[in-house]
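A quick write-up on the structure given underneath.
The values are calculated or read from the model by the stated rules, or taken from the named source; none is laboratory data. Small disclaimer: the values here were computed from a predicted structure and weren't measured. When we count neighbours, we look across all protein chains shown, and the Cβ atoms used for this are built from the backbone with ideal geometry, even at glycine. Remember, those area values only see protein heavy atoms, side chains included, never the ligands or the DNA or RNA. Shrake-Rupley method; radii C 1.70, N 1.55, O 1.52, S 1.80 Å.
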Amino acid sequence: MLAVVEGPSDLALVQRVLALDDRHAFASLVRRHQAPLRSFAVRLCAGDRARADDVAQDAFLLAYKHLASWRREGALRSWMLKLCFRAFLTDARRAHHKREELTATAPEGGSAAPDPTERRDVLVALGKLKPEERAALALCFQQGLTHEEAAQVLDMPLGTLKSHVARGKDRLKALLAGYDS
């Protein structure tokens with residue numbers, strides 16, 4: 001899943017942003033990393049593309065604000081994926097509080113039916129996983145990170161990450177059991 005990088009390295013672009021507040025250099029970083037971050041956010045948000053766009057945008061804002069804190073111990077992409085996961089968790093907390101407020105003030109009766117065009121079976125199944133399981137699976141299988149890299153992105157011990165991957169796979173198999181041929 002590694003793409004050929006054209007132009008200056010991530011490190012060179014980061015140095016230009018930090019030394020010169022070079023917005024064009026940061027824009028190059030965004031263009032270079034937006035597809036994997038957005039794709040990761042779509043998995044985290046269980047296919048809700050509008051929410052995923054917001055999460056990815058928040059991750060890039062965090063990256064710009066905290067770029068000096070990137071320690072260069074791993075790839076910039078891994079650091080940005082970590083920020084994306086954190087942005088997702090923040091968004092999930094906000095959404096949870098908003099749902100609680102809406103539930104408390106909602107009138108009695110049914111809610112609107114979900115949009116079937118946004119309901120793909122796999123994404124729905126992913127949405128039923130715990131956020132950590134969803135993130136672990138997306139990083140390891142969709143982003144192509146090793147277990148070690150994914151554990152670092154999610155700030156968790158390697159064994160915990162492996163447990164999330166195993167439990168997530170098992171739960172997905174059970175949720176998608178009707179597709180076995």
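One table, with the values for the structure above:
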| read-out | value |
| --- | --- |
| Solvent-accessible surface ranking, highest first, for E148, E73, E133, E6 at 1.4 angstrom | E6, E73, E148, E133 |
| Per residue accessible area of the stretch 1-69, 1.4 Å probe, in Å² | 58 |
| Approximate spin-label separation Q34-R93, in nm, with each point projected 7 Å along Cα-to-Cβ | 2.8 |
| Three semi-axes of the equivalent ellipsoid, the stretch 3-48, Cα gyration tensor, whole Å, largest first | 25, 12, 7 |
| Rounded if a/c under 1.5, otherwise prolate or oblate - the stretch 140-181, Cα gyration tensor axes | prolate |
| Length added when fully stretched, A50-L18, from 0.36 nm per residue minus Cα-Cα | 8.5 nm |
| Of K128/K162; K65/K162; K82/K162; K82/K169, those spanning more than 28 Å from alpha-carbon to alpha-carbon | K65/K162 |
| Karplus-derived HN-Hα couplings along the stretch 47-60 (A = 6.51, B = -1.76, C = 1.60, θ = phi - 60°), whole Hz, x at Gly and Pro | x, 6, 5, 5, 5, 4, 4, 5, 5, 4, 4, 4, 5, 5 |
| Segment Y64-E148, length gained on full extension (0.36 nm per residue, minus Cα span) | 27.7 nm |
| Within the accessible area of the stretch 1-86 (1.4 Å probe), percent carbon and sulfur | 54 |
| Accessible area, probe 1.4 Å, largest first, for residues F88, F60, F141 | F141, F60, F88 |
| Approximate spin-label separation R72-D121, in nm, with each point projected 7 Å along Cα-to-Cβ | 4.9 |
| Segment S9-D170, extension gain: residue separation times 0.36 nm, minus the distance between their alpha carbons | 54.1 nm |
